[in-house]
1. Calculate the dipole size of the range 497-592 relative to its Cα centre from +1 charges on Lys and Arg beta carbons and -1 charges on Asp and Glu beta carbons; express the result in debye to the nearest 20.
2. Per the Cauchy relation, a quarter of the hull surface: what is the mean projected area of the convex hull of the alpha carbons in the range 50-156, in nm²?
3. Past 20 Å, Cα to Cα, is the threshold; run K106/K470; K337/K390; K330/K400; K337/K402; K65/K186; K73/K262 against it and keep the listed order.
4. Just the number, please: percent antiparallel of the DSSP beta bridges in the chain, rounded to the nearest 5.
5. Suppose the chain between L39 and Y332 were pulled fully straight at 0.36 nm per residue; how much longer would it get relative to their current alpha carbon spacing?
6. Please list 3J(HN,Hα) in residue order for the range 312-322, calculated via the Karplus relation 6.51 cos²θ - 1.76 cosθ + 1.60 where θ = phi - 60°; whole Hz, with x for glycine and proline.
7. Take every Cα-Cα distance within the range 196-265, group them into 5 Å bins from 0 onward, and report for each bin the whole-number percent of pairs it holds.
8. Spin-label point model (7 Å from Cα, Cβ direction): what's the K399 to T147 distance in nm?
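The values are calculated or read from the model by the stated rules, or taken from the named source; none is laboratory data. It should be emphasised that the depicted structure is a prediction, and the values quoted were computed from it without experimental measurement. Ideal geometry is used to build each Cβ from the backbone, glycine not excepted, and the neighbour counts take in all protein chains shown. Side chains are part of the model used for accessible areas, which takes the heavy atoms of the whole protein and leaves out ligands, DNA and RNA. Shrake-Rupley method; radii C 1.70, N 1.55, O 1.52, S 1.80 Å.
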Amino acid sequence: MKNHINVSRAGKSIFLLFLFWNAFVVAQDISVIPIPAQLQKGIGYFTLNNLTRIAVPAQQADVYKVASYFAVKIKPATGYNLMITESSQSGIQLGINSKPDTRIGKEGYTLEVTTDNVFIKANTSAGLFYGVQTLLQLLPAGIENNTEQNIKWQLPVVSIVDYPRFAWRGIMLDVSRHFFTKEYVKEYIDQIARYKYNVFHWHLTDDHGWRIEIKSLPKLIEVGAWRVPRTGTFASNAAPKPGEAPTDGGFYTQEDIKEIIKYASDRYIQVLPEIDVPGHSMAAIAAYPELSVTKDPNTKVNPGSNFAKWFGPDKFEMYIDNTLNPTDEKVYQFLDKVFTEVAELFPFEYIHMGGDECYKGYWERDVNVQAFMKKMNLKDSRELQGYFNKRVNKILSAKKKKLIGWDEILEGGIASEATVMSWRGTKGGIEATHQKHQVVMSPAPIYYLDMHQGDRSIEPPPTYAQARLKDVYAFNILPSEIDSAFVLGGQGNLWTEQIAVEQHAEYMTFPRAFAIAETLWSPKIRKDWDNFTERVESHFDRFDQSGVNYSKSMYDPIIGVRKNEAGLLEINMATEVNGLVIYYTIDNSIPNQYYTKYTEPIVFPEDVDMLRVITYRKGKPMGRLISIKTEDLEKRIKK
Ligand code: ACM
């Protein structure tokens, strides 16, 4: 909080002047993400100190838990040990509405900060939790620091009515392609909870590692969780060498999983487990080769070596069989064991069965599979996958769980009660709503957090598409063709083929997860890019305090290339964020604010080696230095 003013209402003109100034100051101070549905700024501040009480109603354990979450969260930075009491005349007061407030639904809240009190009210403890998240964001950024700060802990006077636009607000973390520790998974969950996400989709199995302990099938973690170590670019790594020890990987014990579920539940996050079948199953097949049609005993957990050729988004061939055999009863016995333990562990009503990118070539070349299809009247291998999906649905229903899967599950026919996660753009989601399936929108590439977020010359990792913060923010999650009555919400997905370390997971997640959170929580009418970027910057300050990494790619220029009428290379540049100035050179010198300012497209003479470019704001470098060779710029021109 940069300013503190004590009001003296000495005269009307001073008062009006104050109002004006204070509105300006407060506008800088209030940076809530996702932006609340309604927010009315007032005058003055509530000051938190060591004597502030948090009042909760008697015998409401859930409310008490939310209060203690707040007290624990603010302790390191403030040094305060706030007392939680059952009654209070002043201080922070949390309460469940005795008569439900119809404006705010199950997860909404109202928050009133006056100079004397803070009142948070909600219809449920989840709403109180979200009110507390907003309250934390109203405090100075230093509140995120882990060491005691010498700051006046003020909250601006404000009146908020807030509630989510969608019920499903998810982030997916892929822990198969790279393993992330239990401690880090908790940190990640804590970070997304701060932005009012309520689903953590845990991609637990894939070709590159099986990460969940299944007690009745011990080889899944003994064998399936480990691969040979590689540090190179995914899909270009060397295949396992004969005799090479699989030392890289990890898994979560069932105790770990219970701990994570409890941690998430304390933050009002449901954990959605994904067991990706029948494709993406190489790790399971490495453990139990008999599960596939080819039954190759030499199948290894893949270390990021290439085993597929892509001919287009939906056309591919896999050189290693990574699919379960859908015609084998033993496969369903295996799945029953897996889903029995998964269903017992995870309280969420949904289980994700994957279902994506299933290569069917091994099925199509197998005489026994073909005979089975004939017997069962299945006209092609898509219908065979449909048969498999229906069998999985039966297993899940018997365990009182609802099936959710990637949008391929629509292809071979699926039970009407199945929920579809739209990832191949929005078309799967649109189609699914027309078939009256419930849908979660997580379309690639825009909601894929593994896509690069700025100029590809400087953004790790190399990916097939771009998802800039501005485009993620602008994305319309409800395309006009969709039947929105069936849309539960949306989700950002962090696939980790190219993400080996925690800092990089954070770099890819933030700030784009802010943009997705705002789409999923805030009313559409509240969208305002310039205002959002100001708030994003204030959350960068918060992340700097807490030591969480994030990407500043939004400060880098957007570089466009074309050949002009004279056949010369022409570069045009723009900025994603307002208020930036672009400086550049084409003579191999390193640009800063004393070099040429970009004002109009640059036409390259024929002998330019390199474009170098950087953005500044108010004399300070904001973006990174980007250097691109002319030949690489030329390659960007679409033939
Ligand atoms: C997916 O990205 N294969 C769901």
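1. Numbers: 9 positive and 15 negative charges, 64 e Å.
Here the size comes out at about 300 debye.
2. On the way: hull surface 25.4 nm².
Computing the convex hull of the Cα atoms and averaging its projections yields 6.4 nm².
3. Details: K106/K470 30 Å; K337/K390 17 Å; K330/K400 22 Å; K337/K402 17 Å; K65/K186 18 Å; K73/K262 17 Å.
Correct reply: K106/K470; K330/K400.
4. Details: 47 of 92 bridges.
Within the chain, antiparallel bridges account for around 50 percent of the total.
5. Stretched out fully, the L39 to Y332 stretch lengthens by 100.2 nm.
6. Each residue of the range 312-322 in turn: x, x, 10, 10, 7, 10, 10, 7, 10, 6, 10 Hz.
7. All Cα pairs, binned at 5 Å, distribute as 3, 14, 20, 20, 16, 12, 9, 4, 1, 0 percent.
8. Between K399 and T147, the label points sit 4.7 nm apart.
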